[in-house]
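Nothing in this text is a laboratory measurement; each read-out follows from the coordinates by a stated rule. All figures in this text were calculated on a predicted structure; none of them were measured in a lab. Please note: Cβ atoms are built from the backbone with ideal geometry, for glycine as well, and neighbour counts cover all protein chains shown.
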Amino acid sequence: MRGILRAARAILVKDMRTELRSREFLGNTFMFALLVIVIFNFAFKINAQNAPQLASGILWIAFLFAGTLGVGRSFQAEKENDCIQALALSPVDRSAVFLAKLAGNLIFLALVQAMVLPAFVVLYNLNVMENFPMQALVFLLGDVGFMTLGTLVAALSANLKAREILLPVLLLPLLTPLLIFAAAATSALIGGDDPAVYLSRIKFLAAFDLIFFVVSTLVFEYIMDEL
Amino acid sequence: MEKGRIECRGVGKKFGDFTALSDVDLTIDEGDFLVLFGPNGAGKTTLLKILCGMVRPTSGTARVGGADSHSPAIRGKIGVISHKSYLYDSLMALENLVFFGEMYGVADPAGRAMELLKTVELENRRDSVVRAFSRGMVQRLSIARALVADPEFIFLDEPFTGLDHHSALMFQSLLSALHRRGKTVMMITHDIPLGLAASTRAAILRGGRKIFDESTLGTGVPEFMRMYVERVEK
């Protein structure tokens with residue numbers, strides 16, 4: 001296990017270094033997510049009554065679009081010069097590659113969220129950070145589920161010619177239950193609903209994460225063979 | 001003796017209806033340098049990929065160092081050099097080697113990386129990104145990457161592709177030095193003079209079958225070329 005974590009850390013550091021050197025993708029993705037919440041703000045008539053339901057959905061749609069762009073890139077650096085073959089030839093357990101890519105995608109999404117949330121609070125006049133620990137837990141569980149599936153599907157589609165189109169086509173149906181429950185939990189927390197309402201949704205998110213994390217880690221080894 | 005040996009028995013590989021390899025037997029003894037020739041589509045790269053554990057054979061067995069070529073245990077003992085560099089363009093030369101050193105669990109990745117950069121005469125370019133390298137420099141760094149864990153077995157797939165004459169000769173002398181250090185080497189190339197100069201044995205594949213496998217010691221290039229044309233191109 002220590003070997004897997006050491007290798008995952010090395011891959012993550014390498015990916016972060018590459019990303020920091022280009023420094024263009026995070027900014028562009030943030031702008032894209034910001035545009036989504038600005039456009040929706042003008043498209044809907046949001047008032048005090050419908051704000052919790054509408055705004056939480058809009059927020060998760062912005063995260064979904066930004067996150068999908070991010071995961072799409074996670075295996076592109078490895079395809080350059082066939083570096084993925086070098087990783088496959090190395091003696092590290094292949095789950096280390098999955099864990100590193102998942103961690104990198106999670107950090108990327110968390111950074112985008114940290115930049116988008118203040119703009120969201122200002123535009124929608126909603127305090128997303130009401131009941132902060134629970135809201136943070138919803139974001140964390142939503143992000144883990146989203147990025148676990150996203151990383152797996154990005155690996156699956158890495159070799160396809162039309163991967164930019166196929167990635168969202170394959171990913172979105174799988175993510176639908178997660179997004180519904182994440183948005184509903186955020187909405188319940190913003191609206192100040194009974195704790196039983198959001199706790200049941202948080203439990204669903206935790207179960208979703210656990211199932212897909214185990215399945216993705218196991219399946220990834222076979223996907224690496226095809227990369 | 002099996003420890004340093006590469007062995008194929010009845011290896012076959014099909015991609016759908018297409019047969020890439022058919023019933024190939026091949027043994028490379030410890031310390032041997034085998035060069036594999038053959039026209040495009042003969043199955044050379046497929047055979048190399050099977051031996052590296054990158055592809056599973058449809059039939060037969062491929063063993064490297066006494067273990068199944070697909071077993072994770074053997075991966076740390078194999079170094080692969082391809083016409084693709086397997087290097088990250090946006091990382092520096094030193095960063096690339098340190099990264100692969102970490103992947104192979106090398107005790108002192110930075111120290112080993114510096115040692116290898118010296119071997120391939122790139123120590124003064126350690127902080128340059130690979131994107132800025134010439135093809136010859138990339139290929140030399142690619143050798144350093146493949147040697148990071150001091151592998152027992154070295155596989156090369158058309159390593160002379162895109163190299164000018166001077167770089168090719170330098171690359172060849174690096175390969176000879178490796179061979180003298182007792183590494184078991186298998187190389188695919190279309191360059192018969194360079195291939196023969198480096199090797200101790202040559203094999204030829206045609207249409208997925210092995211049609212020639214003999215020692216090259218004392219074999220002249222014109223003589224081998226004549227034989228190659230007769231067997232492969234006629």
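As a test, work out the antiparallel percent of DSSP beta bridges whose residues both lie in chain B, rounded to the nearest 5.
On the way: 21 of 38 bridges.
Rounded to the nearest five, the antiparallel share is 55 percent.
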Can you run phi through the Karplus equation (6.51, -1.76, 1.60; θ = phi - 60°) for region A:120-132 and list ³J(HN,Hα) in whole Hz, with x for Gly and Pro? 4, 4, 5, 5, 9, 6, 10, 8, 5, 8, 4, 6, 3
Taking the protein assembly as shown and counting helices only, DSSP H stretches of n ≥ 4 at -39,500 (n - 2.57) each over all residues, the nearest-500 ellipticity at 222 nm comes to -19500 deg cm²/dmol
Over what distance in Å are the Cα centres of region B:8-63 and region B:178-234 separated? 16
Say each of residue A:132 and residue A:110 gets a label point 7 Å from the Cα, pointing the same way as Cα to Cβ; how far apart are those two points in nm? 1.6
Can you tell me what share of the DSSP beta bridges in the protein assembly as shown is antiparallel? A percent to the nearest 5 is fine. 55
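Taking only C-alpha pairs under 8 Å that are 6+ residues apart, what is the relative contact order of chain A in percent?
Numbers: 231 pairs, mean separation 62.7, N = 227.
Rounded, it is 28 percent for chain A.
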Can you list the residues of region B:85-128 with backbone N under 18 Å from a point 7 Å past the Cα of residue A:24, pointing along Cα to Cβ? B:89-91
Inter-label distance, nm, simple model (7 Å from Cα along the C-beta direction), residue B:18/residue B:180: 4.2
Selection of chymotrypsin sites (Phe, Trp or Tyr not before Pro), region A:3-106, meeting DSSP coil and at most 16 other Cβ within 10 Å: A:44
At what distance in angstrom do the alpha carbon centres of region B:107-161 and region A:207-223 lie from each other? 35
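Counting only C-alpha contacts under 8 Å and six or more residues apart, can you give the relative contact order of chain B as a whole percent?
On the way: 453 pairs, mean separation 62.7, N = 234.
Across chain B, relative contact order equals 27 percent.
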Under 22 Å from the Cα of residue B:44, which lysines turn up, not counting those fewer than eight places away in the same chain? B:13, B:14, B:77, B:84, B:183, B:210, B:234
Whole-Hz couplings from phi, Karplus 6.51/-1.76/1.60, listed for region A:67-80; x for Gly and Pro: x, 5, 4, x, 5, x, 8, 4, 9, 5, 5, 6, 6, 4
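Starting from the Cα-Cα distance between residue A:31 and residue A:222, subtract it from 0.36 nm times their residue separation and give me the gain in nm to one decimal.
Working: separation 191, 0.36 × 191 = 68.76 nm, distance 3.59 nm.
Answer, rounded to one decimal: 65.2 nm.
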Residue B:56 long-range amide H proximity, modeled H, under 5 Å: none
Using the 10 angstrom Cβ neighbour count as an exposure proxy, how do A:56, B:173 rank, fewest first? B:173, A:56
Between residue B:82 and residues 5 or more places away or on another chain, which pairs have amide H atoms under 5 Å apart, with H built 1.01 Å from N, and which residues are they? B:157
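Just to be sure I follow the rule: in chain A, considering lysines 8 or more places apart or on different chains, how many pairs have Cα atoms under 20 Å apart? Working shown, then result.
Numbers: A:14/A:79; A:14/A:101; A:79/A:101; A:79/A:161.
Within chain A, the lysine pair count is 4.
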